[in-house]
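A.B. asks: Please see the structure below; I have some questions.
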Amino acid sequence: MSNVFSADFAGRNISLKANYVAAQADGSILVYYGDTVVLVTAVSSKSIREGTDFLPLTVDYQEMTFAAGKIPGGFFKREGRPNEREILTSRIIDRAIRPLFPKGYFSETQLVATLLSMDKENDAEVASMVGASAALGISDIPFKGPIAGVRVGRISGDFVCNASTERMKESEMSLFLVGRKVLPGKSGSPYDVELVMLEGEAKEVPEDIIVDAIKFGLDSIRPVIDLQDQILAAIGKTKRPIEEPVLDEELVDRVHAESISGLKEGYSMPRKLERHSKLREVRESVIKNIGGEDADLCKKVVTIIEHIESRILRDMIVQQKKRIDGRSSTDIRPISSEVGVLPRAHGSALFNRGETQALAAMTLGTSADEQRMDYVSGEEIRTFMLHYNFPPYSVGEAKSLRSPGRREIGHGALARKALVPVLPAPEEFPYTIRIVSEILSSNGSSSMATVCGGILCLMDGGVPVKNIVAGIAMGLLKEGNEVVILSDILGDEDHAGDMDFKVCGTEKGVTAMQMDIKIDGLTEDILRKALAQAKEGRMHIIGKIRETLAAPRADISQYAPRITTVKVKEDQVRNVIGSGGKNIRQIINETGVTIDVEDDGTVTIASSDAEAAARAVAMVKWLTEEAEVGKIYRGTVKKIVDFGAFVEILPGTEGLLHISQIAKERINRVTDVLKEGDEVVVKVLEIDKSGKIRLSRKEALGAEIK
């Protein structure tokens, strides 16, 4: 029987080859989507490392440069550390599949998705997500699939599925969503497709359109779900048995009796450090009293305590309608902010929401500071960067400072997406912008605090943003038919909840979203309510931001470079640069400015000294000026001939000064009046059709040069 399975996906064929290569993996899928080919393998250890009480899952997406017919740059000429796109794709796959492993499965598990071939039509992330689900599905690894991913756009009012990179440039949104098959189906369908994970950006799109886009995307993945069902029916392996841990009821009662009052007291404390200190004290006491020196017994006690804590928190919110800090489900924590906190930064803001605090600092640079991202699909040039840092002291821990991990890169990417739609066009504001968000204190929603701090520091720095953006993290608790949607969740609520939903946007609509769901049963109605409640919270936060700074400052910082753009003709670029860069070096040496010249004739001059910038602009204009009839110039005699002299009136531009036009009186020889190297004031008499220039000295005598 052939192990090749195909279906139509968004108008194009997608084929999955099962166990065709990498036969020693537990599951191996080659995904062909057009000329995009991804190999996804799934391997899980047959044993559990002693002491492991969690799922050690690793997901790695890697792009091989040969996939696009390229050789890697650098000295070693081989693929190196993961780039940003690889890290973000790895996170997307991880976030989608992690909740779908059964509780109690603790075997070390690894998924590797390798891009082997790529075109510019078919999305490698979509192919990788389908491959990940299928590889887990055909293996003996327990997994509650199948799932599939799809990218949804909206072009000219119509939703599109898995459009090409070129077409997506026209789209007002780019939502990557993952759906899961859930039985039984409704409305005559054999199954439902429910949302598992969402990541996306939009250009201030209203919430109703976002929901419609999600419905469109979930419906679009049905052919790929059906395809995986065919594969599983044909070659799927029997899943490994999982021994569900059986808890000793007597032990549960004993732990409950010793811990319940102390844990409830802890969860009544609104401040994070005090609460966590109390909870830690209760845990340690109960573990010591009941577990003693028995390591296995201590682990069982820890598991029971964690369950009790989750139950206490969920009952408080769902049954008692009470949150840890006393807020209602829709209340936002106290917000305060200030700007201009760093005197020498080009823009800065300190944003506080409850116990979460973010310091955002902005730096303005020139085109020389642009970030160049080298991907197999081509080079991406960024004029806006946002970097998110999460130091250990922000959560009261003492750890080594490390380079940013996947979480930091993911949070920074989300905040960047949120702010991009409101940035001015490069023609209007020709700066490279970098924002660094330092999380100084964290108790939930630090990425959303980064969005709020980011917009404030942009406005403080005089960047003419189009609108104010704010972000909010939403939560969900579902107990039977009882559903509670939480605005502005705390870290503890995120941990015990069923959904983490981050929404960023302006008063007009959504600019970025991220959603992770841990349960079944997220209906369209719940989704609409969550988005509506998120919008209410967002409007409240935008109002608070306006109280601090209502609009961008009228001017940029005195310490920021002043950028002036001069446009010259493309064939004059060489005049600005000069032979071997002579002219451009002279401008820099004489004025101290930074200058960049593009092939299209755009000359960008940057300096914090306005007078120096003006001098540089004048020098560029002089180098590229074209002669005008009737205008007076100060030129240099370049060559003497019997009938006159050739005078350079502009860089690279010479005209003929005939002997009859040198003086008012008659002269016999040119050399009686002029010699090579002399400076002479001349007037342009004529420029013929071939571009030849006729000059006069006698008509310029006594005239002023303007």
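A.B. asks: Which one, ILE542, PRO146, LEU527, projects farthest toward the positive side of the charge dipole computed for the chain from Cβ point charges (K/R +1, D/E -1)?
C.D. replies: In the chain, that residue is ILE542.
A.B. asks: How compact is the range 584-706 by the rule of thumb for globular proteins, expressed as Cα Rg over 2.2 N^0.38 Å?
C.D. replies: Cα-based Rg divided by the globular estimate yields 1.25.
A.B. asks: Give the angle, between 0 and 90 degrees and rounded to the nearest 10, that separates the Cα long axis of helix 124-138 from the longest principal axis of the Cα atoms of the chain.
C.D. replies: Compared with the principal axis, the helix lies near 20 degrees.
A.B. asks: Exposed loop sites here are chymotrypsin sites (Phe, Trp or Tyr not before Pro) in DSSP loop states with at most 11 other C-beta atoms within 10 Å. What is the longest stretch of the chain lacking them?
C.D. replies: The answer is 77-642.
A.B. asks: Tally Lys/Arg at +1 and Asp/Glu at -1 over every other residue whose Cβ is under 11 Å from the Cβ of GLY497; what's the total?
C.D. replies: Once positives and negatives cancel, what remains is -3.
A.B. asks: In the range 579-631, what trypsin sites (Lys or Arg not before Pro) fall in a loop by DSSP, with at most 16 other Cβ atoms inside 10 Å?
C.D. replies: Loop-located and lightly packed - LYS631.
A.B. asks: Using just the alpha carbons, could you tell me how many Å³ per residue the convex hull of the range 4-235 encloses?
C.D. replies: Hull volume normalised by residue count: 151 Å³.
A.B. asks: Next up: Which of the trypsin sites (Lys or Arg not before Pro) across the range 171-220 are loop residues per DSSP, with 12 or fewer other Cβ within 10 Å?
C.D. replies: Listed in order of number, the matching sites are LYS186.
A.B. asks: If one computes P(r) from the Cα atoms of the range 489-587, what percent of pairs lie at distances over 22 Å?
C.D. replies: Tail fraction, whole percent: 61.
A.B. asks: What does the helix-only formula give at 222 nm for the chain: each DSSP H stretch with n ≥ 4 adding -39500 (n - 2.57), the total divided by the residues, and the result rounded to the nearest 500 deg cm²/dmol?
C.D. replies: -9500 deg cm²/dmol
A.B. asks: Can you give the charge dipole size of the chain about its Cα centre, rounded to the nearest 20 debye, using +1 on the beta carbon of Lys and Arg and -1 on the beta carbon of Asp and Glu?
C.D. replies: Computed about the Cα centre, the dipole is about 1340 debye.
A.B. asks: Any idea what log10 I(q)/I(0) is at q = 0.19, 0.20, 0.22 Å⁻¹ for the range 632-696, Debye with uniform C-alpha scatterers and no solvent?
C.D. replies: Cα-only, vacuum Debye calculation for the range 632-696: -0.63, -0.70, -0.85.
A.B. asks: Grab the Cα-Cα distance for LYS120 and LYS288, subtract it from 0.36 nm times how many residues apart they are, and report the gain in nm with one decimal.
C.D. replies: Contour length minus Cα-Cα distance gives 54.5 nm.
A.B. asks: LYS77 to ARG344: extension gain in nm, 0.36 nm per residue of separation minus the Cα-Cα distance?
C.D. replies: 92.1 nm
A.B. asks: Rg and Dmax of the range 562-624, Cα atoms, in Å?
C.D. replies: 10.3, 29
A.B. asks: Nearest 5 percent is fine: what portion of the DSSP beta bridges confined to the chain is antiparallel?
C.D. replies: Around 90 percent antiparallel, to the nearest 5.
A.B. asks: Can you tell me the Rg and Dmax of the range 600-639, counting just the alpha carbons, in angstroms?
C.D. replies: 13.7, 41
A.B. asks: Report the extension gain between LYS621 and ASP600 in nm, rounded to one decimal, defined as 0.36 nm multiplied by the number of residues separating them, less their alpha carbon distance.
C.D. replies: Extra length available between LYS621 and ASP600 comes to 6.0 nm.
A.B. asks: Report the normalised scattering of the chain as log10 I(q)/I(0) at q = 0.05, 0.10, 0.12 Å⁻¹, calculated by the Debye formula with identical scatterers on the alpha carbons.
C.D. replies: With one equal scatterer per Cα and no solvent, log10 I(q)/I(0) is -0.36, -1.05, -1.38.
A.B. asks: Considering only GLY592, SER403, ALA645, whose Cα is most displaced toward the positive end of the charge dipole of the chain, charges sitting on Cβ of Lys, Arg (+1) and Asp, Glu (-1)?
C.D. replies: ALA645
A.B. asks: Something else about it: Once the Cβ-Cβ distance between ILE667 and SER579 is put in as r, and R0 is 51 Å, what FRET efficiency do you end up with, to the nearest 0.05?
C.D. replies: Approximately 0.90, to the nearest 0.05.
A.B. asks: Determine, from the Cβ-Cβ distance of LYS466 and ASN19 and an R0 of 56 Å, the FRET efficiency 1/(1 + (r/R0)^6), rounded to the nearest 0.05.
C.D. replies: E between LYS466 and ASN19, to the nearest 0.05, is 0.60.
A.B. asks: If you add up the charges near ALA532, with Lys and Arg at +1 and Asp and Glu at -1, over every other residue whose beta carbon is less than 12 angstrom from its beta carbon, what do you get?
C.D. replies: 0
A.B. asks: Under 14 Å from the Cβ of ASN467, count the other residues' Cβ atoms, weight Lys and Arg +1, Asp and Glu -1, and hand me the total.
C.D. replies: It works out to a net charge of +3.
A.B. asks: Next question. Quick one: Kirkwood hydrodynamic radius for the range 201-266, alpha-carbon pairs, angstrom, one decimal?
C.D. replies: Mean inverse Cα-Cα distance, inverted, gives 18.0 Å.
A.B. asks: What distance in nm separates the two pseudo spin-label positions at LEU57 and ALA368, each 7 Å out from Cα along the beta-carbon direction?
C.D. replies: 4.7
A.B. asks: Helix 446-460 versus the longest principal axis of the chain: what is the Cα-based angle in degrees, 0 to 90, to the nearest 10?
C.D. replies: The answer is roughly 20 degrees.
A.B. asks: Using only the alpha carbons of the range 133-240, determine the length spanned along each of the three principal axes and report them from longest to shortest in whole angstroms.
C.D. replies: 46, 32, 18
A.B. asks: At 7 Å along the Cα-to-beta-carbon direction for both ARG634 and GLN110, put a label point, then send me their distance in nm to one decimal.
C.D. replies: Each label point is offset 7 Å from its Cα along the Cβ direction, giving 7.3 nm.
A.B. asks: Right, another one. So for the range 346-496, considering every pair of alpha-carbon atoms, how many percent are separated by more than 23 Å?
C.D. replies: 41
A.B. asks: Over the alpha-carbon set of the range 404-450, divide Rg by the Kirkwood Rh and report the Rg/Rh ratio to two decimals.
C.D. replies: 1.04
A.B. asks: Using the 2.2 N^0.38 Å rule of thumb for compact globular proteins, work out how the range 282-376 stacks up: its C-alpha Rg over that value, please.
C.D. replies: Relative to the 2.2 N^0.38 Å estimate, the range 282-376 comes out at 1.91.
A.B. asks: Here's another thing I want to ask about it. Quick one: which of LYS103/LYS478; LYS288/LYS322; LYS17/LYS239; LYS299/LYS502; LYS417/LYS502; LYS417/LYS508 span more than 22 angstrom between C-alpha atoms?
C.D. replies: LYS288/LYS322; LYS299/LYS502
A.B. asks: A follow-up question, please. Please sort by residue number the GluC sites (Glu not before Pro) in the range 65-114 whose DSSP state is loop and whose Cβ has at most 11 other Cβ atoms within 10 Å.
C.D. replies: Counting only loop positions with at most 11 other Cβ atoms within 10 Å, none of the GluC sites (Glu not before Pro) in the range 65-114 qualifies.
Since every read-out is calculated from the coordinates, none of them should be taken as a lab result. All figures in this text were calculated on a predicted structure; none of them were measured in a lab. Note that each Cβ is placed from the backbone with ideal geometry, even for glycine, and that neighbours are counted across all protein chains shown.
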